[in-house]
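Written below as structure tokens is the structure these notes are about.
Here, each number is a calculation from the coordinates, and none is a lab measurement. Because the structure is predicted, anything quoted here is derived from the model rather than measured. Here the Cβ positions follow ideal geometry from the backbone for every residue, glycine too, while neighbour counts run over all protein chains shown.
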Amino acid sequence: MENTGIDVPKGLDKVIVDTTAISSTDAEGELIYRGYHAIELAEKLAYEETAYLVVYGKLPSKDELKEFSGFLSERASLDKKSDSILREISSGRPKIIDSMRSTVSFMHIEEKENDKVLLEIAAKMPRISSDAFRYSRGTDTLPEPDGSLAERFYYLITGKADKKDARYFEKLLVMYMEHEFNASTFALRVAASTLTDPRSAIVAALATIKGPLHGGANSEVLEYMLKAQNRDDARKFMEYKLSRKEKVMGFGHRVYKKVDPRAQFIKKELLELSKAKGRKELYDIAIEMEKEMWERKKIPANLDFYAAIYMYLLGIDEAFYLPIFASSRCFGWTAHYIEQVSNNKLIRPSSRYTGASGLNIRKGKE
């Protein structure tokens with residue numbers, strides 16, 4: 001059969017496959033959520049306010065925010081059966097992201113409407129990640145905390161009720177929340193286009209975000225930064241990696257070729273945070289690595305690069321880095337599921353066959 005499809009770049013690079021009103025990068029290179037600069041949202045709004053905006057397309061009124069926050073708080077805990085499943089699958093010390101994916105597949109969901117199902121899953125993500133971590137290590141789980149959504153999340157992953165550090169953490173959550181048609185979001189939209197249920201679409205997204213070329217990118221960088229003593233060590237590390245043509249995680253982005261505005265925002269916050277924690281040398285090491293990569297390869301640092309040391313200084317165990325990303329992105333996934341099914345067409349691309357043809361199976365013995 002003749003293939004009459006359109007050839008596009010491998011990986012769909014720069015290919016526009018659909019429209020979206022959720023997020024994009026504007027003409028100035030700034031990330032926007034529903035028309036607002038994401039950085040301004042991180043600076044001025046709470047995590048739950050931004051989540052409402054991303055999901056429903058407008059900033060919430062006082063009453064809408066109260067109802068939304070109340071829903072997320074009420075749905076934050078797991079029922080006994082779901083908790084039992086989480087405990088069982090976490091006992092073998094798998095990665096937290098694997099426990100999250102499996103628990104979402106099995107856990108009880110009270111809601112029936114798509115947006116509420118998705119939001120209930122998002123509400124439970126901090127509890128799932130916290131308990132998975134503690135079950136895998138045989139330690140006690142933490143009680144359900146009070147406070148804002150970001151404060152509760154921060155407590156569940158660190159055991160610390162610290163409003164100032166939770167506010168730093170909140171800004172990172174907002175930066176992670178949404179980023180147009182990234183790999184996990186596109187996987188979710190492909191799943192949603194089949195009209196599968198919201199739970200299954202979230203599982204598809206969680207499976208995709210785990211990959212080191214998408215969500216699991218910052219562990220290597222953090223490991224080196226903690227070994228380096230100064231800027232000279234950082235420079236030598238970059239020289240070594242680049243001379244061997246080895247990939248340095250935390251650099252490069254499909255969208256941002258010159259500068260990742262999210263990374264630069266967290267970089268600014270990191271300077272303040274590193275001084276407050278008495279660890280400015282870590283900031284200096286990161287700056288030197290970024291400088292060397294740009295001077296040698298003209299490849300910018302991405303959000304994961306600075307987020308790694310940012311979360312370390314906030315006392316967050318490295319095991320939580322990817323689960324934090326996924327938990328925040330869950331609100332973006334919610335918006336994309338709703339948008340996809342509201343104007344749906346099955347996503348089913350064609351391919352160009354390059355394999356063998358005309359082969360025959362010889363019958364009998366010669």
- prompt: Which whole number of Å³ per residue matches the convex hull of the alpha-carbon atoms in the chain?
  reply: 204
message: Taking amide H atoms as placed 1.01 Å from N in the peptide plane, list the residues 5 or more away in sequence, or in a different chain, whose amide H sits under 5 Å from that of Tyr33.
response: Ala38
message: So if I place +1 on the C-beta of Lys and Arg and -1 on the C-beta of Asp and Glu, and nothing else carries charge, what would the dipole magnitude of the chain be about its Cα centre? I want it in debye, nearest 20.
response: 1300
task: For Tyr240 and Glu43, calculate 0.36 nm times their separation in residues minus their Cα-Cα distance, and state this gained length in nm to one decimal.
output: 67.2 nm
field: Too-long pairs where the Cα-Cα distance tops 28 Å, listed order kept, from Lys124/Lys277; Lys124/Lys257; Lys163/Lys257; Lys227/Lys297; Lys210/Lys277
entry: Lys124/Lys277; Lys124/Lys257; Lys163/Lys257; Lys210/Lys277
- request: Would you pull out the residues with amide H under 5 Å of Asn302's amide H, same chain only if 5 or more places away, H placed 1.01 Å from N?
  value: Phe251, Gly252
task: Mind grabbing the base-10 log of I(q)/I(0) for segment 219-313 at q = 0.15, 0.17 Å⁻¹? Debye formula, identical points on the C-alpha positions, no solvent, two decimal places.
output: -0.51, -0.67
- prompt: Once phi is turned into θ = phi - 60°, what whole-Hz ³J(HN,Hα) does the Karplus curve with 6.51, -1.76 and 1.60 give for every residue of segment 65-79, x standing for Gly and Pro?
  reply: 5, 4, 5, 5, 4, x, 4, 4, 5, 5, 9, 6, 8, 9, 6
- request: For the chain, with a Gaussian network of springs between Cα atoms less than 10 Å apart, report the residue from Asp260, Asp79, Asp63 with the top mean-square fluctuation.
  value: Asp63
field: Over the chain, relative contact order from alpha-carbon pairs under 8 Å, at least 6 apart, %
entry: 21
field: Residue (of Asn230, Gly278, Phe305) at the positive-pole extreme of segment 219-313, dipole from beta-carbon charges
entry: Phe305
- request: Rounded to whole Hz and in sequence order, give me ³J(HN,Hα) for segment 104-109 from the Karplus expression 6.51 cos²θ - 1.76 cosθ + 1.60, θ = phi - 60°, writing x for Gly and Pro.
  value: 4, 4, 10, 5, 6, 10
field: Gain upon complete extension [Lys81, Ala161; 0.36 nm per residue less C-alpha separation]
entry: 26.0 nm
- prompt: Per the Kirkwood formula on distinct C-alpha pairs, the Rh of segment 89-202 is how many angstrom?
  reply: 15.6
statement: Of the residues Met289, Leu142, Thr19, the Cα lying farthest along the dipole of the chain towards its positive end, which is defined by charges on the beta carbon of Lys, Arg, Asp and Glu, belongs to Met289
- prompt: When you count, for each residue, the other Cβ atoms within 10 Å and take the mean per peptide, how do 96-108, 117-129 rank with the highest first?
  reply: 117-129, 96-108
message: Applying a 10 Å radius around every beta-carbon, put 291-298, 65-72 in order of their mean neighbour count, most first.
response: 65-72, 291-298
task: Rounded to whole Hz and in sequence order, give me ³J(HN,Hα) for segment 194-208 from the Karplus expression 6.51 cos²θ - 1.76 cosθ + 1.60, θ = phi - 60°, writing x for Gly and Pro.
output: 7, 6, 5, 6, x, 4, 5, 5, 5, 4, 4, 5, 5, 5, 7
